[in-house]
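The structure appears right after this line, and notes come after that.
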Amino acid sequence: MPKLSLIALDGPSGVGKSTAAKRIAQELGWNYLDTGAMYRVTALALQRAGVDLADRTALEALLSSLRIEQRGTRSFLNGEDVSDAIRTPEVTKLVTPVSADARVREVLVDQQRAIGASGGWVVDGRDIGTVVFTNACCKIFLTASAEARAQRRFLELQTKGFTTSYEEILADQQRRDHADTTRAVAPLRKAEDAVELDSSDMDLDQVVSWIVAQHRKG
Ligand code: DC
């Protein structure tokens, strides 16, 4: 299979994939696709429509009318900017079962492949190197210890004035890690041909430089 000029960036939640991916895309003059945001927009659409995943007919109708777009770093649901609405704790909870649904994944993976097919994209997610773009020329599996990820998130929330405790953040992180790695469909795992980068002791600049260098090495 010919290689596609695309960076597949996978890893657990809270590892800083999207921040790194945006910067990498900027440096290379490429586009950035946040596939997690697509699952979040779908979860929000289900929540708003009051559709339960168990109601397959309603789910199918919703999926066929769903129009998800990303313009720059903003996400749109049927033309409405929902970038903030998809980051609430409610959507973050609901997106776990939504992203574990095989039919939802089928629909979104098709859209992701259509978007990235021409190359020149940095795509972040959980299954980009293993399922969506198995032919990506550069696959990175970005990790950091659960404690390092929770600590970063804790400091970030503190500077924004939130009072969530470190323990709560760590527990939520562990819940999501467990759900992402143990689900039946497209679980989070490193692709065989991916390069793993443990960023526990690295800052953002170091992560970005490392991945760009890895990409240029080819
Ligand atoms: O990266 P994030 O936290 O915004 O992702 C939201 C959810 O979607 C998270 O539960 C993992 C899931 N996800 C997925 O299953 N596959 C992807 N390619 C991207 C995200």
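Consider G72 carefully, then state whether it is modelled with pLDDT under 95 and either exposed (fewer than 13 other Cβ atoms within 10 Å of the Cβ) or within 15 Å of the chain's Cα centre (by Cα) (or both). Yes; evaluated as a whole, the condition is true for this residue. Listed by position, the helices (runs of 4 or more DSSP H) enclosed by the stretch 80-172 that each have at least 2 residues that are within 16 Å of the chain's Cα centre (by Cα) and acidic (D, E) are 102-116. Against the test of being surrounded by fewer than 17 Cβ atoms within 10 Å (Cβ to Cβ) and more than 27 Å from E27 (Cα to Cα), the options G218, G161 yield a single qualifying residue, G161. When the test is whether a residue is touching a helix residue (DSSP H, G or I) at 6+ places or on another chain (Cβ under 8 Å), open to solvent by less than 50 Å² (accessible area, probe 1.4 Å) and part of a loop (DSSP other than H, G, I, E, B), L53 passes it.
Flag not set for D205, criterion: within 22 Å of G129 (Cα to Cα) and assigned to a helix (DSSP H, G or I).
The values are calculated or read from the model by the stated rules, or taken from the named source; none is laboratory data. As the structure is a prediction and not an experimental result, all values here were calculated from the model. Glycine gets a Cβ as well: all are built from the backbone with ideal geometry, and neighbour counts include every protein chain shown. Accessible surface is based on the protein model in full, side chains and every heavy atom, while ligands, DNA and RNA are left aside. Shrake-Rupley method; radii C 1.70, N 1.55, O 1.52, S 1.80 Å.
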